[in-house]
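Each remark here refers to the structure printed beneath this line.
The values are calculated or read from the model by the stated rules, or taken from the named source; none is laboratory data. Since we're looking at a predicted model, the values are computed, not measured. Cβ sites come from the backbone with ideal geometry, for glycine too, and all protein chains shown count toward neighbours.
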Amino acid sequence: MSRTRLWFHSLLLPEGWADNVRLTLADGRVETITRDAVAEAGDEHHEIGLPGLPNLHSHAFQHGIAGFTEQRGPSEDSFWTWREAMYRFVDRMEPEDVEAIAAQAFLEMLEGGFTRVGEFHYVHHDTRGAAYGDIAELASRIAAAASATGIALTLLPVFYAHAGFGGQPAVPGQRRFINDVDRYGRLIDASRRAVSPLPDAIVGIAPHSLRAATPEEIAAILPLAADGPVHIHIAEQTKEVEDCLAWSGKRPVELLLDRLPVDEHWCLVHATHVTDAEVDGMIARRAVAGLCPITEANLGDGIFPARRFLDKGGRFGVGSDSNVLIDAAEELRLLEYGQRLVLRSRNALASTSTPSTGRRLFDGALAGGGQALGVTSGIAVGASADFISLQADDNALVHRRHDQWLDAWIFSGRHNLVDCVWRAGRKLVTNGRHVQREVIGQRYRQTLARMLQDA
Ligand code: NGQ
Ligand code: ZN
């Protein structure tokens with residue numbers, strides 16, 4: 001068995017920063033961790049090492065419209081008008097396009113500091129809305145993109161059946177998403193087969209939202225999760241809250257907690273518009289709040305009360321969602337800045353026990369993101385060797401140390417400061433560039449050229 005030997009000047013371990021650390025990796029895992037070690041001949045040296053962050057919520061294909069939806073339309077622009085533009089893109093996507101765009105998105109995730117993605121995958125059927133010969137054809141394209149880039153995958157095949165609360169019939173733009181409970185069961189089985197070539201993929205389930213799935217349907221598909229993750233979009237837009245109230249007399253999070261056995265397997269994505277009682281309910285159930293600050297800003301969603309949620313012990317992670325811009329540090333920066341702007345305060349998400357805002361954001365997103373994706377994150381003996389190094393000689397990081405590196409990376413990095421990324425022991429990114437960057441980028445450009453020509 002070939003061994004990788006690394007030496008880090010400083011490495012962030014689950015128990016905190018350690019200096020002069022030697023790591024050996026074997027078989028994709030961390031084999032030994034030696035603190036206060038002297039580097040040995042043949043060790044590869046790095047300055048600052050951190051665990052890779054989980055990206056708990058992505059729709060990889062939406063990376064293909066990044067930057068194309070920033071122009072004013074004929075009516076007031078909103079989440080809902082953006083969604084129409086996104087649906088028009090969905091109408092034109094072929095399986096190879098899904099794979100090429102997902103590979104580019106996953107590559108950028110690795111370059112941006114993420115080592116596992118939760119792919120909330122909801123385009124299942126062909127352009128006419130008919131199931132492919134293999135119902136998990138597009139799931140297998142996502143798996144192929146994960147394999148080509150090396151990112152760890154938690155695949156979340158989405159159950160989508162309706163256009164609005166109370167079981168409203170789906171509209172034509174949603175035809176590629178739709179399954180009933182039985183066919184969804186077959187999709188989950190086929191998705192498990194589709195990811196089986198990946199050594200450490202996980203499959204969870206994902207009722208799209210209370211708009212697209214009724215509480216009864218969600219209860220019916222829940223056993224398919226086995227012990228895996230359950231993700232749902234919830235309370236992202238105020239219109240969604242109003243429609244839910246009009247239909248049920250309850251707000252979305254309130255209804256979800258009332259009607260379904262939400263627990264630590266669940267990830268409530270966005271949960272933007274919540275009352276204090278709903279926040280307390282999410283915390284009591286130990287569910288993860290899946291926050292996507294860049295997309296939530298881009299789509300004009302609103303701001304989740306993260307300060308209150310974290311102060312009371314809530315668990316959170318971050319997701320790149322629409323993939324309009326993919327960068328782990330930027331997600332954490334914007335999460336904190338949203339709170340500062342609303343609260344007119346500083347270091348809003350730091351705590352007495354962790355006064356460094358960067359460290360608190362990083363630790364929180366690492367633990368909560370892992371929980372949401374069905375894994376334990378962190379650099380530990382026996383764990384998957386998934387970690388990153390930072391460009392220690394960048395002026396944004398010099399003369400800092402330990403938690404100050406996290407503060408500086410997140411708040412002062414003017415560009416991506418990720419240097420190298422290892423995933424399952426393989427070094428996939430060097431000097432901020434993925435080993436397959438040219439090939440995957442070339443294919444992505446060809447895909448976009450063809451799709452735009454057809455438009
Ligand atoms: C999605 N995206 O499923 O891609 C959604 C928009 C919807 C976000 N919520 C569609 N950010 O929620 O109906
Ligand atoms: Zn989403």
If residue 271 satisfies every condition in (1) crowded, with 24+ Cβ neighbours inside 10 Å; (2) away from ligand 1 (no atom under 16 Å from the Cβ); (3) among the hydrophobic types (A, V, I, L, M, F, W, C) but one, which is the exception? (2)
Is it the case, given these coordinates, that residue 150 is more than 16 Å from ligand 1 (Cβ to nearest atom) and within 25 Å of residue 175 (Cα to Cα)? no
Here is a check on your reading of the model: is residue 206 in contact (Cβ under 8 Å) with a residue 12 or more places away in the chain, within 13 Å of ligand 1 (Cβ to nearest atom), surrounded by 23 or more Cβ atoms within 10 Å (Cβ to Cβ) and within 14 Å of residue 139 (Cβ to Cβ)? yes
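Listed here are the residues, each with its yes/no results for (1) more than 16 Å from ligand 1 (Cβ to nearest atom); (2) assigned to a helix (DSSP H, G or I); (3) hydroxyl-bearing (Ser, Thr, Tyr); (4) surrounded by 18 or more Cβ atoms within 10 Å (Cβ to Cβ).
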residue: 179; (1), (2), (3), (4): no, no, no, yes
residue: 193; (1), (2), (3), (4): yes, yes, no, no
residue: 224; (1), (2), (3), (4): yes, yes, no, yes
residue: 227; (1), (2), (3), (4): yes, no, no, no
residue: 231; (1), (2), (3), (4): no, no, no, yes
residue: 246; (1), (2), (3), (4): yes, yes, no, no
residue: 253; (1), (2), (3), (4): no, yes, no, yes
Output the residues belonging to region 274-320 that are within 16 Å of ligand 2 (Cβ to nearest atom) and in a helix (DSSP H, G or I). 293, 294, 295, 296, 297, 298
Filter region 42-67 down to residues that are part of a loop (DSSP other than H, G, I, E, B) and without any contact (Cβ under 8 Å) to a residue 60 or more places away in the chain and give me whichever is farthest from the chain's Cα centre (by Cα). 42
Does residue 70 satisfy the criteria of being among the acidic types (Asp, Glu), under 25 Å from residue 98 (Cα atoms) and in a loop (DSSP other than H, G, I, E, B)? yes
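If you go through region 35-54 one residue at a time, do you hit one that is within 14 Å of ligand 2 (Cβ to nearest atom) and at pLDDT 95 or above? Give the steps one after another, and end with the answer.
Here is the first cut: in region 35-54, the ones within 14 Å of ligand 2 (Cβ to nearest atom) are none.
No, the conditions are met nowhere in region 35-54.
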Give 205, 221, 135, 178 a once-over and let me know the one that is at pLDDT 95 or above, of a type in the set (A, V, I, L, M) and within 16 Å of ligand 2 (Cβ to nearest atom). 205
Considering only residues that are over 21 Å from the mean Cα position of the chain (by Cα) and touching a residue at least 12 places away in the same chain (Cβ under 8 Å), look in region 398-412 and name the one that is surrounded by the most Cβ atoms within 10 Å (Cβ to Cβ). 405
Listed residues 403, 393, 454; which is of a type in the set (Asp, Glu) and within 24 Å of residue 317 (Cα to Cα)? 403
Given the conditions (1) surrounded by 18 or more Cβ atoms within 10 Å (Cβ to Cβ); (2) out of contact with any Gly (no Cβ under 7 Å at 6 or more places or on another chain); (3) in a loop (DSSP other than H, G, I, E, B), report the number of the one that residue 211 does not fulfil. (2)
